[in-house]
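S.K.: So that we are looking at the same thing, I have put the structure below in structure tokens.
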Amino acid sequence: MMKDFDKMLAGSLQLEEPWYIKGAEFRAEEGAIHVNVGIRPGARLVCPKCGKATKRYGYEPGERIWRHADCLFYPCYVHCKRPRVLCDECGIIQINAPFERKNSRFTLMFEGYAMLIMADMPRRKASRLLRCDEKSLTAILKYWVDDAVEKMDLSDVKNMAIDETSFKKGHDYATVAIDADKRRVFDVQHGRGKEAVAEVRKKLEKHGGKAENMRSVTSDMSASYLPAVKENFPEALQVVDKFHVKQIMLKALDQVRTEEQRAAEDKKTIFAYRKLFWVPEGKMTEKQRNRFQALAKSYPKTGRAFRMVQALDIVYAAETFEQAEKSFRKLYSWMRRSRLEPMKKAALTLKAHSTEILNYFHNRKTNAIAEGLNSMIQAGKRKARGFNTFEGFASMIYLIVGKLDLAVANPLS
């Protein structure tokens, strides 16, 4: 028999005197390990509510069972009949075991391990690995994430980024609010309109932050975000995310490419290499550069539109606001005189939001959501597949990119 097996079990259950392991058995027919936990009969207990000395008042009527972390690859279950106490102030009180969370049928160690697993894989896979139904895992995830989110301190949030992400297929969106300095998501709201931004403000102020202390807010240039940000964070510098500015340019470029492709005799070549026009010229390989130069000669309109997209990078490479403003005006003039309708329309869009676009150069650290953080949000969305509610989806985003201070025990620490 394994030496100190009881001590190992007691340690995993966080048992200290007067709690102890009464015994453990392997039930071969069930393929599971069952552990019995007890409390010393003569142990003095205090009231868990007021902390005063109490008298023992027997035990709860029936034995309870909790699912524990696997032991030697077998499911492990903990059995315990918990004591009661009689407090002069509080009356009859049930004493909880040190390994449990109220109203949960899983031990704290199991829940801590489940949280680690769910942070790294989709819920369905986690369910198979942990041999636990998906509904229970969702309840565990939501409890600990909600607990950590409720305890968030947002008093130091001064620079914020707001972005939208799709919740389900179709037009179901969520608004994600990010602390741009600490690079963490602190709020996820259903929808992407004015109401969602108002709820972000409420969340911020509920957790110690102040709307009037917000220095900058980065967002896209949608009609849903810009007016809402101005209303709810009037003192903040509004900055249009440069990623979204680039997307507008790339979309216009692709429209030029599509129109030129329709009129071209050789339609296959430009279609086959269409993604080459998304690569910044400075990052092209020698082979890509030679291919691009050949395409630009054969398809001159697309080549000119590509040069305009590259000129946007020159704007963002400016060292001062004055340099950026000059480059922006030059790019706008070029696009308006280009005789390329998609680029002319894009120029008008950029001109309409030029103040917010150029505000980037007043506070560079409030630019677009970092690529790494955004990719983590996308990973969180993939892991959230299988959650049928927005709450489950939001919990997974918080877990992946919220940098939460989870109160649940980490079994690996």
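Coordinate-derived values only; no laboratory data. All of these numbers come straight from a predicted model, not from anything done at the bench. Note that each Cβ is placed from the backbone with ideal geometry, even for glycine, and that neighbours are counted across all protein chains shown.
S.K.: If each residue's Cβ is checked for other Cβ atoms within 10 Å, how do Phe5, Phe361 rank with the fewest at the top?
M.R.: So the residues, fewest neighbours to most, are Phe5, Phe361.
S.K.: Please name whichever of Val197, Ser413, Phe73 sits farthest to the positive end of the charge dipole of the chain, dipole taken about the Cα centre and charges placed at Cβ: Lys and Arg +1, Asp and Glu -1.
M.R.: Val197
S.K.: What order do you get for Met118, Met221, Met8 when you list them from fewest to most C-beta neighbours inside 10 Å?
M.R.: So the residues, fewest neighbours to most, are Met8, Met221, Met118.
S.K.: Roughly how compact is the range 243-366, stated as its Cα Rg over 2.2 N^0.38 Å to two decimals?
M.R.: Cα-based Rg divided by the globular estimate yields 1.10.
S.K.: Give me the angle, in degrees from 0 to 90, between the Cα long axis of helix 371-383 and the longest principal axis of the Cα atoms of the chain, rounded to the nearest 10.
M.R.: Helix 371-383 sits at roughly 50 degrees to that axis.
S.K.: When the helix-only estimate is applied to the chain (DSSP H runs of n ≥ 4, each -39,500 (n - 2.57), divided by the residue count), what is the mean residue ellipticity at 222 nm, nearest 500 deg cm²/dmol?
M.R.: Mean residue ellipticity at 222 nm (helix-derived): -13500 deg cm²/dmol.
S.K.: Whole-Å semi-axes of the chain's equivalent ellipsoid, largest first, each the root of 5 times a Cα gyration tensor eigenvalue?
M.R.: Rounded to whole Å, the semi-axes are 58, 26, 16.
S.K.: Also, I was wondering about something else. Where the centroid of each part is defined by its Cα atoms, how far is the range 301-358 from the range 174-218 in Å?
M.R.: 30 Å
S.K.: Also: About the Cα centre, and with charges only on the beta carbon of Lys, Arg (+1) and Asp, Glu (-1), how big is the dipole of the range 69-225? Nearest 20 debye, please. Present the calculation step by step, with values, prior to reporting the outcome.
M.R.: On the way: 28 positive and 24 negative charges, 101 e Å.
Approximately 480 debye in magnitude.
S.K.: Quick check: convex hull over the Cα atoms of the range 161-251, volume per residue in Å³, rounded to an integer?
M.R.: Dividing the Cα hull volume of the range 161-251 by its residue count gives 101 Å³.
S.K.: Among Ala305, Leu331, Trp19, flag the residue with its Cα farthest along the positive direction of the charge dipole of the chain, charges on Cβ as +1 for Lys/Arg and -1 for Asp/Glu.
M.R.: Farthest along the dipole direction, towards plus: Ala305.
S.K.: Over the Cα atoms, compute the radius of gyration (one decimal) and Dmax (the largest Cα-Cα distance, rounded to a whole number) for the range 37-153, in Å.
M.R.: 17.1, 50
S.K.: Here is a follow-up. If we count other beta carbons within 10 Å of each Cβ, what is the order of Asp146, Asp4, fewest first?
M.R.: Listed from fewest to most nearby Cβ atoms, that is Asp4, Asp146.
S.K.: Give me the log10 of I(q) over I(0) for the range 1-102 at q = 0.17, 0.19 Å⁻¹, as the Debye formula computes it from C-alpha points; what are the numbers?
M.R.: -0.80, -0.94
S.K.: Next up: To the nearest 20 debye, what is the magnitude of the charge dipole of the chain about its Cα centre, counting +1 on the Cβ of each Lys and Arg and -1 on the Cβ of each Asp and Glu? Display every interim value, and only then the final one.
M.R.: Details: 74 positive and 52 negative charges, 296 e Å.
With Lys and Arg at +1 and Asp and Glu at -1, about 1420 debye.
S.K.: Once both axes come from the Cα atoms, what is the angle between helix 242-263 and the longest principal axis of the chain, in degrees from 0 to 90, rounded to 10?
M.R.: Computed tilt is about 50 degrees.
S.K.: Does anyone have the angle between helix 286-298 and the longest principal axis of the chain? Alpha-carbon axes, 0 to 90°, nearest 10?
M.R.: The angle comes out at about 50 degrees.
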